[in-house]
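Chemist: Below is the structure I would like to discuss, written out as structure tokens.
The values are calculated or read from the model by the stated rules, or taken from the named source; none is laboratory data. From a predicted model like this one, the values you see are computed outputs, not experimental measurements. With ideal geometry, Cβ positions are generated from the backbone for all residues, glycine too; neighbour counts draw on all protein chains shown. Ligands, DNA and RNA are stripped out before the accessible areas are found, and what is left, the full protein with its side chains, is counted by its heavy atoms. Shrake-Rupley method; radii C 1.70, N 1.55, O 1.52, S 1.80 Å.
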Amino acid sequence: MDTVKRPNILWLCTDQQRLDMLGCYGNELVRTPNIDRLAANGVRFTHAYCQAPVCAPSRASFLTGRYARVCRVRQNGQDIPEEETLVTRILHDAGYMGGLAGKLHLSGCAPAACKVHERRINDGYDYFAWSHDNEPKYDWAMNGYTQWLRTMGIENKREARADSPYVFNGMPAEYSQAKWCADRTIEFIKSARISEKPWFFSFNCFDPHHPFDPPADYLERYIPMLDKIPLPDYYEGELEGKTPPQRKEHRGAYGVKGHFPYDEMTEYDHRLVRAASYALCDLVDEQIGRVLDYLEESGQLEDTLIIFQADHGESLGDHGMYLKGCYFYEASVRVPLIFHWKGRFQSGVVSDALVELIDIAPTLLDVCGIPVHPGMQGRSLLPMLLGEAPLDKFRDDVFCEYFKTKLSGDLIAYASMLCDGDYKISLVHDLAPSFPRDTLGELYDMKNDPEERYNRYNDPEYADIKMRMLEKYCNRQALIVDPLPLKSMPW
């Protein structure tokens with residue numbers, strides 16, 4: 001890349017948003033014109049994968065550029081070690097002014113133990129407007145969102161709906177956490193202009209994460225068209241030949257039996273939950289639009305690199321499950337990813353190449369001419385963004401993992417996945433004493449069965465493919481070893 005002034009960086013990250021919940025990814029019902037505009041004038045990736053299907057390990061991975069097991073945030077509730085280096089810190093040390101609004105989640109965030117805000121390491125954020133989520137019960141002392149409501153005398157509440165126990169009427173849009181995040185983002189960008197430093201900002205709203213609680217008027221838009229909203233992709237008996245975390249005796253959102261019980265929900269429930277998710281996506285898009293409009297009005301759009309992504313996906317009833325858990329269906333692990341830099345990156349192009357979210361961090365450093373940290377395992381996407389490399393090929397495969405989910409009693413599952421675009425293999429580990437080995441694997445033919453309905457792990461016709469995928473899987477396990485510490489001498 002030729003010498004150019006370092007850009008400002010606006011990093012937009014939603015929480016638990018599926019790839020197919022945006023207009024630019026084919027959804028004809030949601031209203032996401034602002035994110036669609038970014039895609040229409042940027043580079044949109046169709047096969048970007050998170051490295052963990054839950055929040056903390058995914059966020060730690062893409063902020064460090066390292067796999068979950070390597071950066072040692074393997075599950076929600078763990079604290080990122082002090083010695084880990086975030087890309088935001090590297091940017092800060094290179095002269096950037098940094099800010100955040102919303103969620104970080106690199107350390108444990110249980111309300112009983114986290115009285116102020118989550119523990120922080122040297123993360124590079126000068127401005128830290130923290131709000132882990134939008135729920136009234138999580139009123140930490142430094143929860144900026146709830147403090148904002150309190151200064152206006154507004155009660156943070158959601159109301160139960162009479163038509164379904166799985167959806168709520170949330171705060172009006174003008175008092176939503178997404179709006180608060182957008183306000184703080186604009187506030188930071190305005191103040192950052194006073195400095196001669198470039199800036200980076202993490203817009204990390206909680207939506208469209210559950211509970212499904214959009215503003216009532218946003219949800220009402222979808223009520224007349226509920227019959228057009230698809231039911232979850234699931235057929236009775238589909239999960240019987242799959243791994244233990246998905247079996248009926250263990251199945252439940254987050255592995256909690258009875259939480260969003262698929263079989264007890266009506267078709268109306270299923271459609272209403274999906275409508276609520278759409279409504280939350282509309283809300284987020286509207287607030288992102290306010291930020292983009294300010295960038296343009298203030299003359300900073302051409303100086304700002306914009307990234308849009310989600311940390312992971314959401315099942316929304318597909319395969320008989322809601323939320324997230326110890327499984328690696330596309331709805332959970334394949335996420336939206338868009339890069340936009342007006343006048344610098346390619347415009348209106350689509351890449352079907354396999355990429356990982358850990359590739360974002362080295363890409364940012366590459367753009368800024370900052371040496372990539374030696375511990376990073378991601379690879380820079382910059383040549384693709386500039387049109388200097390093919391858009392259809394980047395990685396041979398992608399990797400994702402889930403550590404330590406409790407199924408029932410003392411039953412604990414670890415699992416990991418590898419996908420090469422044609423096939424996907426995933427294995428559940430450490431359950432051999434309790435379950436036969438032939439129940440611990442999944443193999444999907446992604447070209448002929450993109451819905452991932454039919455597990456071919458024990459299908460004799462796929463024996464050769466299974467062996468080849470197991471070899472790739474085994475190689476990946478070795479190749480993601482921590483590159484640190486670096487070798488310092490010949491011996």
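Chemist: Do me a favour and compute the ellipsoid semi-axes for the stretch 290-394 from its Cα gyration tensor, root of five times each eigenvalue, largest one first, whole Å. Please report the intermediate quantities before stating the final value.
Modeler: On the way: eigenvalues 152, 74, 38 Å².
In descending order, the three semi-axes are 28, 19, 14 Å.
Chemist: Same structure again: Can you give the Rg to Rh ratio for the stretch 341-491, taking only C-alpha atoms and Rh from Kirkwood?
Modeler: My calculation of the ratio gives 1.05.
Chemist: How big is the Rg/Rh ratio for the stretch 60-163, C-alpha atoms only, Rh by Kirkwood, two decimals?
Modeler: On the way: Rg = 15.8 Å, Rh = 15.2 Å.
In the stretch 60-163, Rg relative to Rh is 1.04.
Chemist: With all protein chains present, calculate the accessible area of Lys197 using a 1.4 Å probe and round the result to the nearest 10 Å².
Modeler: The accessible area comes out at roughly 110 Å².
Chemist: Now for a different question. Could you pull out every residue, at least 5 positions away or on a different chain, whose amide H is within less than 5 Å of the one on Asp126? Hs are placed 1.01 Å off N in the peptide plane, and Pro or chain starts have none.
Modeler: Placed amide hydrogens put Gly98, Gly99 under 5 Å from Asp126.
Chemist: Compute, for Trp140, the solvent-accessible surface of its heavy atoms (probe 1.4 Å) with the complete set of protein chains present, and express it in square angstrom to the nearest 10.
Modeler: Near enough 10 Å² of accessible area.
Chemist: If the convex hull of the alpha-carbon atoms of the stretch 142-200 is projected onto planes in all directions, what is the mean projected area in square nanometres?
Modeler: For the stretch 142-200, averaging the hull's shadow over all directions gives 5.8 nm².
Chemist: Also: Could you work out the pair-distance distribution P(r) of the stretch 5-80 from its alpha-carbon pairs, with 10 angstrom bin width and percents rounded to whole numbers?
Modeler: 16, 38, 31, 15
Chemist: Tally up the carbon and sulfur contribution to the accessible surface of the chain as a whole percent, 1.4 Å probe, everything protein left in place.
Modeler: Whole-percent figure for carbon plus sulfur exposure: 50.
Chemist: Sticking with this one: Within the chain, which is the longest segment containing none of the GluC sites (Glu not before Pro) that sit in a DSSP loop and have at most 13 other Cβ atoms within 10 Å?
Modeler: 250-387
Chemist: Let's see if you can work this out: charge +1 on each Lys and Arg Cβ, -1 on each Asp and Glu Cβ, no other charges. What is the dipole magnitude of the chain about its Cα centre, in debye to the nearest 20?
Modeler: Roughly 1180 debye, rounded to the nearest 20.
Chemist: Now, a different point. Quick one: order Asp20, Asp133 from most to least accessible surface, probe 1.4 Å. Can you show the working numbers first?
Modeler: Details: Asp20 65, Asp133 5 Å².
The residues order as Asp20, Asp133, largest area first.
Chemist: Same structure again: Expressed as cubic angstrom per residue, what is the convex hull volume of the alpha carbon set of the stretch 333-425?
Modeler: Numbers: hull volume 11.8 nm³, N = 93.
Cα-based convex hull of the stretch 333-425, divided per residue, equals 127 Å³.
Chemist: While we're here: Extending each Cα 7 Å along its Cβ direction at Asp293 and Trp491, get the distance between those two points in nm, one decimal.
Modeler: Label at Asp293, label at Trp491, 6.9 nm between them.
Chemist: Still on this model: Give me the Debye-computed log₁₀ of I(q)/I(0) at q = 0.14, 0.23, 0.27 Å⁻¹ for the stretch 92-153, equal point scatterers on Cα only, no solvent, two decimals.
Modeler: -0.42, -0.95, -1.18
Chemist: Which of Tyr222, Tyr166, Leu354 sits closest to the plus end of the dipole of the chain, meaning its Cα is farthest towards the positive end, when Lys and Arg get +1 and Asp and Glu get -1 on the C-beta?
Modeler: The one lying farthest along the dipole's positive direction is Leu354.
Chemist: Can you tell me the mean projection area, over all orientations, of the convex hull of the stretch 186-319's alpha carbons? Units nm², please.
Modeler: Averaged projected hull area, Cα only: 11.1 nm².
Chemist: I would also like to ask the following. Using the structure shown, select from Lys228/Lys404; Lys179/Lys342; Lys242/Lys447; Lys447/Lys487; Lys157/Lys242 the pairs with a Cα to Cα distance greater than 31 angstrom.
Modeler: Where the Cα-Cα span goes over 31 Å, the pairs concerned are Lys228/Lys404; Lys447/Lys487; Lys157/Lys242.
Chemist: Let me ask you something else. Where Rh is the Kirkwood radius over the Cα pairs of the chain, the temperature 4 °C and the viscosity 1.567 mPa s, what D in µm²/s does Stokes-Einstein return?
Modeler: For these conditions, the coefficient is 56 µm²/s.
Chemist: Could I ask something else about it? Counting only heavy atoms of the protein chains, get the accessible area per residue of the chain (1.4 Å probe) and round it to a whole Å² value.
Modeler: Values: 19030 Å² over 491 residues.
Per residue, the chain has an accessible area of 39 Å².
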